[in-house]
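**Q** Attaching a single structure in structure tokens format; questions to follow.
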Amino acid sequence: MPDTLDPADPAFARDPYPYYARLRATGPAARVTLANGTDAWLVTGHRQAREVLADPRFSNVPPPAAGRPKPDSPAQQARGCLARHMLNTDAPDHTRLRRLTTAAFTPRRVDALRPRIERLTADLAADVADRLARGETVDLVDAFAFPLPVLVIGEVLGVPTADRADLRTWTYRVGSPADALPAGAVDRAWTSLHAYFTALIADKRRSPGDDLFSTLVHDEADGGLDDGELLAMAFLLLFAGYETTMNLLASASLLLLTHPRELAAARQGGPAGWAAVTEETLRHASPLEGTTWRRTTEEVHLGGGVVVPAGASVLVVLAAANRDPAAFPEPDAFRPGRYAPGSGERAAPHAAFGHGPHFCLGSRLARLEAETALPALFGEDRGTPAFALAADPAELPYRPGLLVRGPRHLPVVRATPAG
Ligand code: HEM
């Protein structure tokens, strides 16, 4: 078992599953050394992942210096604001932030976004269709999987339509590797986002809109959220909401393009078929590869002889938990049928949205987006011409790191009719 893990290794980023399977075979959690020299405990078992995420002895509060750059430039100040978000807190701070946020993200309010999501999806799909019809190669990540979630977060935050292009540009830049852009571009994007969200909060305080964020700005329960908390929340909603959903849409598209039988079954199955594809993609290609880091407040016995010492850095690897053969038969197979109603299978719930007090707040929204977007691109009655992958799936580059996972590019071309 290699005891040093390099999350930046392109081969690992593309297919980390054999490594996780070998690690799981040694026990439900194992200590590894990361390429940067950090020691970490990776939890790979499905049952233990859920146990850890529900156990308050695994704290979400980062150690004093970690994740908090010295705020000596405007861009670092902006990054520092994000560090105050609720994923970095434990009870009772977390309980208060969570209660307020849950009150804004009610199922009714999320479902009310459906017509707008349908409109945004239809516009992006029409653009993809036009370009394919003109014979262009279209990158489904750049043209569809990235912009849709960013535009939807724009709806959640109540960003006026005229500002959406800026939001999209800044988000793209802060999410890009620093060496992919001209020097200073990433920092300038952070500063612009910070200034924009600060002004947006002031604007919502003066004149609330019908968006979810306005509800948060004006909720007075428990003293409400202060401006710093609102700023951290705006950043968190953007980052928690777009990169994950982008990877879900990109991975689902790739899986459908490479599994024609499952695509045909989804088309036949209608809404339930697309919902099953969404669930199985969440399990099979977990968009959040690992949760945020936890730190043990005391020694913890995880069973199977595994003892995690106090003060250890712990990562729950959702991608590994979701391929645990003890929870999922044929864990490496992409079989949406396991989540299809009436299939007779009672598949275990996947852990892609986490578990316990930090369970994803946007799971309903993410599912709504995927279940709207996939039929818009792949449904039989869509306007998009039939298309095919224009790359070898085994060669596609993936995002590096242990946090998010998904293809960076997904080039497609109009399919030539058979015969
Ligand atoms: C496919 C899409 C998504 C996936 C796979 C996903 C996954 C997750 C996971 C695993 C966590 C828990 C992390 C941890 O315990 O360290 C989480 C938390 C969170 N997610 Fe999502 N998420 C998705 C989409 C969204 C969207 C669309 C939003 C909002 C617009 C959102 C907002 C949040 C927030 C605010 C938290 C923190 C909750 C807390 O700390 O109590 N997520 N998400």
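**Q** How many residues, within segment 264-284, are near the ligand (Cβ under 10 Å from one of its atoms) and either open to solvent by 10 Å² or more (accessible area, probe 1.4 Å) or not hydroxyl-bearing (Ser, Thr, Tyr) (or both)? Explain how you work it out, then say what you get.
**A** So in segment 264-284, the residues near the ligand (Cβ under 10 Å from one of its atoms) come out as 278, 281-282.
Narrowing the set further to residues that are either open to solvent by 10 Å² or more (accessible area, probe 1.4 Å) or not hydroxyl-bearing (Ser, Thr, Tyr) (or both) leaves 282.
Qualifying residue count, segment 264-284: 1.
**Q** Write out, first by first residue and then by second, each pair whose Cβ atoms fall under 9 Å of each other, whose residues are 6+ apart or on separate chains, and whose first residue, in segment 347-374, is among the β-branched types (Val, Ile, Thr) while the second is more than 8 Å from the ligand (Cβ to nearest atom) and open to solvent by 50 Å² or more (accessible area, probe 1.4 Å).
**A** Close Cβ pairs (under 9 Å, with a partner that is more than 8 Å from the ligand (Cβ to nearest atom) and open to solvent by 50 Å² or more (accessible area, probe 1.4 Å)) amount to 372/114; 372/118.
**Q** In segment 171-274, which helices (runs of 4 or more DSSP H) lie fully inside it and hold 1 or more residues that are under 23 Å from residue 391 (Cα atoms)?
**A** On the way: elements: 185-206, 212-218, 227-258.
Of the helices (runs of 4 or more DSSP H) lying wholly inside segment 171-274, those with at least 1 residues that are under 23 Å from residue 391 (Cα atoms) span 227-258.
**Q** Residues 357, 336, 375: which one is under 27 Å from residue 22 (Cα atoms) and either at pLDDT 95 or above or charged (D, E, K, R) (or both)?
**A** Values: 357 fails: under 27 Å from residue 22 (Cα atoms); 375 fails: under 27 Å from residue 22 (Cα atoms).
Selected residue: 336, the only one of 357, 336, 375 that is under 27 Å from residue 22 (Cα atoms) and either at pLDDT 95 or above or charged (D, E, K, R) (or both).
**Q** Further, regarding this structure: Given the condition touching a helix residue (DSSP H, G or I) at 6+ places or on another chain (Cβ under 6 Å), open to solvent by 10 Å² or more (accessible area, probe 1.4 Å) and without any contact (Cβ under 8 Å) to a residue 12 or more places away in the chain, answer yes or no: does some residue in segment 201-209 qualify?
**A** There is at least one residue in segment 201-209 that is touching a helix residue (DSSP H, G or I) at 6+ places or on another chain (Cβ under 6 Å), open to solvent by 10 Å² or more (accessible area, probe 1.4 Å) and without any contact (Cβ under 8 Å) to a residue 12 or more places away in the chain.
**Q** Looking only at segment 154-183, which residues are among the charged types (D, E, K, R) and within 23 Å of residue 198 (Cα to Cα)? Working first, answer last.
**A** Step one: list which residues in segment 154-183 are among the charged types (D, E, K, R), which gives 155, 163-164, 166, 168, 173, 179.
155, 163, 164, 166, 168, 173 - these are the residues of segment 154-183 that are among the charged types (D, E, K, R) and within 23 Å of residue 198 (Cα to Cα).
**Q** Are there any pairs, at least 6 apart or on different chains, whose C-beta atoms fall under 7 Å, with the first in segment 95-114 and more than 12 Å from the ligand (Cβ to nearest atom) and the second assigned to a helix (DSSP H, G or I) and open to solvent by 60 Å² or more (accessible area, probe 1.4 Å), and if so, which?
**A** 107/364
**Q** Identify all residues within segment 1-54 that are out of contact with any Asp or Glu (no Cβ under 9 Å at 6 or more places or on another chain), assigned to a strand (DSSP E or B) and among the β-branched types (Val, Ile, Thr); write none if there are none.
**A** 4, the sole residue that qualifies.
Per-residue answers, yes or no, for (1) modelled with pLDDT of 95 or more; (2) open to solvent by 60 Å² or more (accessible area, probe 1.4 Å):
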site: 178; (1), (2): no, yes
site: 194; (1), (2): no, no
site: 223; (1), (2): no, yes
site: 228; (1), (2): no, no
site: 243; (1), (2): no, no
site: 246; (1), (2): yes, no
site: 253; (1), (2): yes, no
site: 262; (1), (2): yes, no
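**Q** Let me ask something additional. Scan segment 115-128 residue by residue and report those that are touching a residue at least 24 places away in the same chain (Cβ under 8 Å) and in contact with a Phe, Trp or Tyr (Cβ under 9 Å, 6 or more places away or on another chain). Walk me through how you get there before you give the answer.
**A** Here is the first cut: in segment 115-128, the residues touching a residue at least 24 places away in the same chain (Cβ under 8 Å) are 116-118, 120-122, 124-126, 128.
Within segment 115-128, 121, 124, 125, 128 meet the criteria.
**Q** Filter segment 275-289 down to the residues that are out of contact with any strand residue (DSSP E or B) (no Cβ under 7 Å at 6 or more places or on another chain) and either in a loop (DSSP other than H, G, I, E, B) or not aliphatic (A, V, I, L, M) (or both) and list them by number.
**A** Initially, segment 275-289 is screened for residues out of contact with any strand residue (DSSP E or B) (no Cβ under 7 Å at 6 or more places or on another chain), giving 275-286.
Across segment 275-289, the qualifying residues are 278, 279, 280, 281, 283, 284, 285, 286.
The values are calculated or read from the model by the stated rules, or taken from the named source; none is laboratory data. Since we're looking at a predicted model, the values are computed, not measured. Methodologically, a virtual Cβ is constructed for each residue, glycine included, from the backbone with ideal geometry; neighbour enumeration extends over all protein chains shown. Surface areas here come from the heavy atoms of the whole protein model, side chains and all, with no ligands, DNA or RNA. Shrake-Rupley method; radii C 1.70, N 1.55, O 1.52, S 1.80 Å.
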